[in-house]
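In what follows, a single structure is set out as C-alpha cells and then discussed.
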Amino acid sequence: MSAQIEIREFQSDDIESFHALHDAVFPPVPLEEMRRWMMRDDVTAGVAVQDGRIVGEIPLHIRRFVLRPGVAVRVAFEHCVCVEEGMRGKGIGTRIQDAIRQFMRDRVEVLTVYRGDERSPAYNHYDSNGLTDCCYVRTWKLDAPGEVAEPPGDPLEAGEIVAREEEFAADFRSAHEHAGGYEDRLPGFYETAFTQLETVELGSEYAALVVERSGRLLGHLVLALRDDGPITVMELASRGRDRAVAMRLLRGACAVAEDRGVGVTALLHDGGIYTSVFDALGFAPQRRGEMIMACPLDWRRLARIVWTPQSELADVRVRVWTARDDFVVHEPGGEPSREITVELKHHQAVRWLMCRLDLAPLVAQEIVTVHGARPGDIEALSRAIPFASWEYQGIDHI
C-alpha cells in the first residue's frame, strides 16, 4: 500500500526534492538558482509529499497587480506546476490548489495563473478549479523584419536597465496609467524580471532600446533575446503614449532581429494602445492563445479594495450571489436602508471584481440580474466597480 500523501506549504528543507521534480518536467536550472528563487520573501509553493519526496508542486510568486488605474491587489501567480509522472490523474494538483486557497488567504486577495491553449487538459484543470479567464492576448509575428527596420542606438544591457529603473518605471506609468493588467512597477521590478525562474529556465537575455532627448527618457522597448528563436518584445512604453516614439522603437527592434537573422514576436491585447503600430509595420496577428486566469481567495476583502463609493448606494447593502458563493460587496457604515443582490455566474463575479466586466449592458441583456434594484442602481453599480482596459506585458509573464 502506498504511503499517504501530505499536502502543505513548501518548507526550506524540501528544496532538493522540489528541484528534482521541477527538472524532470521543465528545462533544468541549477540547484542554487532554484534555492535562491524559493528563498525569496515573495515566493512560496504548495507541495504534495509522499515518503519525504515531493510528488507535486505549485510554485507561487506574490505580486502587486494593477486591476485598474489607482487600484492594485496582491496576487499569487502559479507557475512551473508539475506532478510526478506516475502520480498524475489522481487529483493531486486540485488538492494542492485547495490547500493554497487556505494558507494564502490572508496573504493575497487573488490566486492567478498565465495559461494558454483553451482546449488543453491543463486549461480545463484550472477552469474546473474555479479560475476564470480575465483577459485574452494574441501573438503578433513579423517574419521579415528587415523591410521595416531602422538601426537603433546602442541597446542597453539588463544591468543598465536595472540601474535606471526609476526612469523606466516613470516612462511605463506615463504610457500605461490609463489601464490595468500588469504588475506594479515598484522598486526591484526589473531586477526580479531578469532573474526570475522562467528566465533562468529559458536562458533569456534582456536588452532595451531607448529614445531620449536632452537626457530625458521619452520611450523604451525591452527585448528578450534567445539563441533558438525570434526576439520578443517584452515591454513597450512611450511618454504620453506617443505613437511616433513607439514606431521608432519597434523599427529598432526589427533592426536587431534582422541583424540576428530572426523574426520578431509580441503578445498584445486587441485594441491595445500600440497594437495599431504593430499592424502598420506588417506584424500578423495569430489566433488568441494566452490569458490570465484568476480566482479570488477572499471575496469581501477584494471587494473593499475595488469598490468606489457611490452616493446613490451609500446606505445600501450590496450582495453578490452565485451558484458557488454568497458575499457582501458593499456594507454601509451604519444600518442599511435597503439591500440589493447582484446575481451572476461564478465566472462573471470573478471578472466583475477583477474590473473586467461592464455590468450595466449585461443586466440589460438579462445575462446578469439584480434583485431589489431601483432606478439608477445599475448605473451606480457599474461605476462602483468599473470595467478597465488591460495592457498585457510579456515581461510580467512567469
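Within region 49-71, the set of residues being within 17 Å of the chain's Cα centre (by Cα) and either surrounded by 21 or more Cβ atoms within 10 Å (Cβ to Cβ) or assigned to a strand (DSSP E or B) (or both) comprises I58, P59, L60, H61, I62, R63, R64, F65, V66, L67, R68, V71. Of the listed requirements (1) within 19 Å of C295 (Cβ to Cβ); (2) touching a Gly at 6+ places or on another chain (Cβ under 7 Å); (3) of a type in the set (D, E, K, R), D326 misses just one: (2). Among the residues of region 192-219, those that are more than 19 Å from T232 (Cβ to Cβ) and out of contact with any strand residue (DSSP E or B) (no Cβ under 7 Å at 6 or more places or on another chain) comprise R213, S214, G215, R216. Exactly one residue out of G282, G271 is surrounded by fewer than 22 Cβ atoms within 10 Å (Cβ to Cβ), assigned by TED's automatic domain parsing to the domain that holds P152 and under 25 Å from T112 (Cα atoms), and it is G271.
Among the residues making up region 152-204, a single one is of a type in the set (S, T, N, Q) and either farther than 30 Å from H19 by Cα or assigned by TED's automatic domain parsing to the domain that holds R356 (or both): S174. Restricting E9, E33, E16 to residues that are out of contact with any His (no Cβ under 7 Å at 6 or more places or on another chain) and more than 26 Å from E191 (Cβ to Cβ) narrows the list to E16. Sub-6 Å Cβ pairs linking a first residue in region 17-34 that is at negative phi and assigned to a helix (DSSP H, G or I) to a second residue that is crowded, with 16+ Cβ neighbours inside 10 Å and among the β-branched types (V, I, T), at least 6 apart or interchain, are S17/I54; F18/I54; L21/I54; E33/V200, ordered by first then second residue.
For D259, state whether it is over 16 Å from E150 (Cα atoms) and either outside the structural domain of H79 (by TED's automatic domain parsing) or surrounded by fewer than 18 Cβ atoms within 10 Å (Cβ to Cβ) (or both).
no
What is the residue count in region 1-16 for residues that are in a loop (DSSP other than H, G, I, E, B) and under 28 Å from the mean Cα position of the chain (by Cα)?
Going through region 1-16, the residues in a loop (DSSP other than H, G, I, E, B) turn out to be 1-5, 10-11.
Narrowing further to those that are under 28 Å from the mean Cα position of the chain (by Cα): 10-11.
So the answer is 2.
I'd like to check something: does region 182-203 contain any residue that is out of contact with any Pro (no Cβ under 8 Å at 6 or more places or on another chain), in contact (Cβ under 8 Å) with a residue 60 or more places away in the chain and farther than 18 Å from L223 by Cα? Yes, that holds for at least one residue.
The set of residues from region 176-209 being of a type in the set (A, V, I, L, M, F, W, C), farther than 23 Å from V75 by Cα and in contact with a helix residue (DSSP H, G or I) (Cβ under 8 Å, 6 or more places away or on another chain) comprises A207, A208, L209. A single member of R356, R374 is touching a helix residue (DSSP H, G or I) at 6+ places or on another chain (Cβ under 9 Å), farther than 25 Å from V110 by Cα, among the basic types (K, R) and at pLDDT 95 or above, and it is R374.
Within region 245-283, track down each residue that is part of a strand (DSSP E or B) and of a type in the set (S, T, Y). Spell out how you get there, then give the answer.
Pass one, region 245-283, residues part of a strand (DSSP E or B): 264-268.
The answer is T265, and nothing else.
Evaluating C295 against the criteria (1) under 24 Å from Y114 (Cα atoms); (2) out of contact with any Gly (no Cβ under 6 Å at 6 or more places or on another chain); (3) not aromatic (F, W, Y) leaves one unmet condition, (2).
The values are calculated or read from the model by the stated rules, or taken from the named source; none is laboratory data. What you see is a predicted model, and the numbers here were worked out from it, not measured in a lab. When we count neighbours, we look across all protein chains shown, and the Cβ atoms used for this are built from the backbone with ideal geometry, even at glycine.
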